[in-house]
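Working notes, beginning with the structure itself.
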Amino acid sequence: MNADNLRSSVICFGEILWDVLPDGPQPGGAPLNVAYHLNKLEVDTRIISRIGNDSNGQKLEDLLNSWGINKKLIQKDLEYPTSEVIARMNNGNEVSYEIVFPVAWDFIKYEKPDDVQLKATNYVVYGSLSSRNEISRNTLFEILDGNGIKVFDINLRPPFYNKTLLEELIRRADIVKFNEAELEIAQVLFGGPFSKESDQVKYIQEKFQIPEVIVTKGEFGASYYKNDDSYHAWGVGINVKDTIGSGDSFLAAFIASHCQKITPETIIKNAVSMGAFIATKKGGCPDYELSEYIKFKNRLFKSSL
């Protein structure tokens, strides 16, 4: 267990839900997935979200209890149901989602007793989807006005975003994570004329004063831009079971490494190896031991030498 991880605290804000897949429901939502893997990596993690007063909500609570994830900041809604998302997978193992609106996490309220826990937070992780409704959006903005490193996983889900919303969310971030398609969309949306990735990133960094940007590239790895420097980790050949939650596990490993103050090269390698590791398993929150991931990562590092 790393001492820096013990001292660090992360809050993941937004949607927690059930992904309804052809072979049955699985727990999901990017904040839940990130929190699950951060917890596996022994980082103190809390989720701010809202569930319905129903059986699906109770099942999520039971899961969080079994995983040992703090659920004190999860609210219960008496009117709106726990979220379900219809997930469909194509032959290339890519997933598309039908996201129902409105649901409980659209109505996350800012509660003053949470302030003490928020002030002690080192990182706040958020995406764009949870801001689709005004109530949760205003709560998120209140939280982002507080302490901690703000990590924005842009995670675009049409039609639940627009230029104005993205600008508000990016401006509040210290670290922004894109995939390649999202980076292209964002830089064009904000007037960027560039086709080369490094130019696109620099444009976003300068326009919004973002010191750190991550670009994920699926099987081709990822790049990490920190101020004027860039670091790259190549993808590796693996037997892909599915890609659900792979990007979320990537982000969890990135944050767990980032809070250890290790080299940027190692941070991005750790993140890529975690994303690959989870892609060899089924679902966004598969059961595994930390030692299993460490062995997988060490094998990847040796093979890349």
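The values are calculated or read from the model by the stated rules, or taken from the named source; none is laboratory data. Worth saying up front: this structure is predicted, and the values here are computed from it rather than measured. Neighbour counts run over all protein chains shown; Cβ positions are idealised from the backbone, glycine included. Keep in mind that these areas ignore ligands, DNA and RNA; they rest on the heavy atoms of the full protein, side chains included. Shrake-Rupley method; radii C 1.70, N 1.55, O 1.52, S 1.80 Å.
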Could you derive backbone 3J(HN,Hα) for region 235-245 from the dihedral phi with the Karplus parameters 6.51, -1.76 and 1.60 (θ = phi - 60°), listing whole Hz in sequence and x where the residue is Gly or Pro?
x, 10, x, 9, 8, 6, 7, 6, 9, 4, x
How large is ³J(HN,Hα), in whole Hz, for each residue of region 253-270 in order, when computed from phi with the Karplus curve 6.51 cos²θ - 1.76 cosθ + 1.60 and θ = phi - 60°, using x for Gly and Pro?
5, 4, 5, 4, 7, 4, 6, 8, 6, 8, 5, x, 4, 6, 4, 6, 5, 4
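State which entries of LYS72/LYS261; LYS150/LYS241; LYS40/LYS295 exceed 22 angstrom in Cα-Cα distance in the structure shown. Walk me through the numbers on the way to the answer.
On the way: LYS72/LYS261 29 Å; LYS150/LYS241 31 Å; LYS40/LYS295 15 Å.
Going by Cα-Cα distance, LYS72/LYS261; LYS150/LYS241 fall outside the 22 Å limit.
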Between VAL240 and ASN53, 0.36 nm times their residue separation minus their Cα-Cα distance comes to what?
63.7 nm
Along each principal axis, Cα extent of region 99-154, largest first, Å
33, 25, 13
For the chain, what is the mean residue ellipticity at 222 nm derived from helices alone (per DSSP H run of n ≥ 4: -39500 (n - 2.57); sum divided by total residues; nearest 500 deg cm²/dmol)?
-12000 deg cm²/dmol
Which net charge results for the neighbourhood of PHE101, defined as the other residues with beta-carbon distances under 13 angstrom from its beta-carbon, given Lys and Arg at +1 and Asp and Glu at -1?
-3
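Ignoring ligands, DNA and RNA, please state the percent of accessible area on the chain from carbon and sulfur, probe 1.4 Å. Working shown, then result.
Values: 6750 of 13830 Å².
Here carbon and sulfur together make up 49 percent of the probe-accessible area.
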Scan [x] 20.6; [y] 19.4; [z] 21.2 for the value of Kirkwood radius over Cα pairs in Å calculated from this model and give just the label.
[y]
What lysines does LYS76 reach when the alpha-carbon gap must be under 22 Å and sequence neighbours fewer than 8 apart in one chain are set aside?
LYS59, LYS109, LYS112
Residues whose modelled amide H sits under 5 Å from the amide H of SER9, counting only those 5 or more places away in sequence or on another chain, are ASN122, TYR123
How much area per residue is accessible in the chain when the probe is 1.4 Å and only protein heavy atoms are counted (Å²)?
45
Cα centroid of region 12-90 to Cα centroid of region 147-199, whole Å
24
Can you pull out the GluC sites (Glu not before Pro) in region 224-305 whose DSSP state is coil and whose Cβ has at most 10 other Cβ atoms within 10 Å?
GLU289
Phi angles of region 212-226, converted by Karplus (6.51 cos²θ - 1.76 cosθ + 1.60, θ = phi - 60°) into ³J(HN,Hα) in whole Hz with x for Gly and Pro, give 10, 10, 10, 10, 8, 9, x, 5, 9, x, 7, 10, 10, 9, 10
Taking Rh as the Kirkwood radius computed over C-alpha pairs, what is the Stokes-Einstein D of region 227-305 at 37 °C in a medium of viscosity 0.692 mPa s, expressed in µm² per second?
256
